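What follows is a short report on a single structure.
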Amino acid sequence: MPETQSVLVIDDDPVVAEILETIFAGEVRVTSTRSGPDGIAAAVAGAPDLILLDVRMPDMDGYETLKLLKASSETEDIPVIFLTAKTETEDEFMGLELGAIDYISKPIIPRIVKMRIHNHLLLKKNRDQLANMSMIDGLTGIANRRRFDDYLDQEFRRGARNEYPVSLLMLDIDEFKIYNDSFGHQKGDECLKAVAVEIKGHSRRPSDLVARYGGEEFAVILPDTPLGAAEMLAEKIRAGVEGLGLAHADASAGAFVTLSIGAACTEDGAAGLADLIEAADKCLYRAKETGRNRVVISLET
């Protein structure tokens with residue numbers, strides 16, 4: 001069943017949202033706020049597909065609200081349509097210059113509004129599909145390095161703002177070069193895909209992200225997850241990959257393909273994003289150094 005798209009109405013007049021709810025009758029999820037600051041907070045929390053923003057509101061008008069929406073990395077890509085009773089060219093130019101994609105004039109004409117919103121939602125859906133394709137690793141079907149970088153930055157900022165820990169797992173297939181040399185690159189690709197599926201299978205929350213970091217290395221981003229919980233998940237992943245029983249007779253860590261895993265968390269002293277990645281990398285290196293096929297967590301970062 002396709003996911004319902006969402007529209008956020010930021011307007012001090014509640015009638016606008018009520019009209020839109022009637023127009024779309026469940027086809028589109030409509031939420032609303034009555035001020036610029038509340039609208040910005042709702043956009044950050046709910047990531048709507050489209051925002052309808054009233055130009056004239058008390059305290060913070062639509063222009064100022066749009067400036068703040070476009071200044072935030074979390075909301076800058078959400079398309080915004082201005083709602084206005086004014087039709088002067090200068091007002092339209094100012095809104096478009098700030099980043100609005102369209103104007104809808106009040107009073108609302110339901111058939112016209114429905115069609116215009118429908119068209120913008122369709123464009124947004126197509127853009128999202130293209131963006132998602134550019135974020136997927138072609139071999140394994142999981143997130144690629146670009147998606148990893150973007151998502152970790154997003155969740156690191158969100159964790160800092162909401163005061164919750166973000167954990168990071170760095171995972172590497174042990175002695176994968178030997179595996180490739182022994183069985184060939186086609187078998188190596190099959191191994192990478194099987195390991196990716198196994199790791200992904202342990203990621204149960206929508207907010208968790210499994211990515212191919214590069215080569216035979218993977219990463220798991222775990223928002224709102226303390227180090228202890230991350231360690232338990234890492235151990236389940238390690239055991240799961242070993243349990244696949246992929247023969248690797250030439251490996252020093254055992255008869256099967258195994259993973260070494262490093263785990264770090266923002267609550268354990270990582271002061272910045274680079275510190276978190278470095279801490280997880282150091283733990284991964286220690287796991288390799290001390291025998292492979294094990295999980296090492298950061299005690300001090």
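Coordinate-derived values only; no laboratory data. What you see is a predicted model, and the numbers here were worked out from it, not measured in a lab. All Cβ positions, glycine included, derive from the backbone under ideal geometry; neighbour counts span all protein chains shown.
For the chain, find the longest principal axis of its Cα atoms and tell me its angle to the long axis of helix 185-201, 0 to 90°, nearest 10.
So the helix axis and the longest Cα principal axis differ by about 60 degrees.
After finding the eigenvalues of the alpha carbon gyration tensor for the chain, what semi-axes result from the square roots of 5 times each, listed largest first in whole Å?
Details: eigenvalues 450, 84, 43 Å².
For the chain, the ellipsoid semi-axes come out as 47, 21, 15 Å.
Tell me which lysines have Cα within less than 28 Å of Lys114's Cα, excluding those fewer than 8 residues away on the same chain?
Lys67, Lys70, Lys86, Lys106, Lys124, Lys125
Give the Cα extents of the stretch 112-222 along the principal axes, in whole Å, largest first.
Largest to smallest, the principal-axis extents are 64, 36, 21 Å.
For Thr75, Thr225, Thr31, Thr4, what ranking results if the residue with the fewest other Cβ atoms within 10 Å of its Cβ goes first? It would help to have the intermediate numbers written out before the result.
Numbers: Thr75 20, Thr225 26, Thr31 17, Thr4 11.
Neighbour counts put them in this order, fewest first: Thr4, Thr31, Thr75, Thr225.
Please express the shape of the stretch 145-297 as an equivalent ellipsoid: the semi-axes are the square roots of 5 times the eigenvalues of the C-alpha gyration tensor, given largest first in whole angstrom. Write down the numbers at each step before the final one.
Values: eigenvalues 149, 44, 34 Å².
One finds semi-axes of 27, 15, 13 Å for the stretch 145-297.
Which value in Å is the Kirkwood Rh of the stretch 1-156 over different Cα pairs?
On the way: mean 1/r = 0.0606 Å⁻¹.
Hydrodynamic radius (Kirkwood, Cα only) of the stretch 1-156 equals 16.5 Å.
How far, in degrees from 0 to 90, does helix 14-24 lean away from the longest principal axis of the Cα atoms of the chain, to the nearest 10?
Long axis of 14-24 versus the principal axis of the chain: about 70 degrees.
Using Cα positions and a limit of under 28 Å, work out the lysines in reach of Lys282, with same-chain residues fewer than 8 apart set aside.
Straight-line reach from Lys282, under 28 Å: Lys177, Lys193, Lys200, Lys236.
I need Cys265, Cys191 ordered by Cβ neighbour count within 10 Å, fewest first. Please list the in-between numbers first.
On the way: Cys265 26, Cys191 21.
Going from sparsest to densest Cβ surroundings: Cys191, Cys265.
Compute the angle between helix 145-162 and the longest alpha-carbon principal axis of the chain, please, reported from 0 to 90 degrees and rounded to the nearest 10.
70 degrees
What is the Å³ per residue value for the convex hull set by the Cα atoms of the stretch 205-251? Present the calculation step by step, with values, prior to reporting the outcome.
Numbers: hull volume 4.7 nm³, N = 47.
It is 101 Å³ per residue.
Of the DSSP beta bridges with both residues in the chain, give the percent that are antiparallel, rounding to the nearest 5.
Values: 21 of 42 bridges.
Roughly 50 percent of the beta bridges in the chain run antiparallel, per DSSP.
Sort Leu168, Leu66, Leu152 by Cβ crowding within 10 Å, fewest neighbours at the top. Mind showing how you got there, number by number?
Details: Leu168 28, Leu66 24, Leu152 20.
In increasing order of surrounding Cβ atoms, one gets Leu152, Leu66, Leu168.
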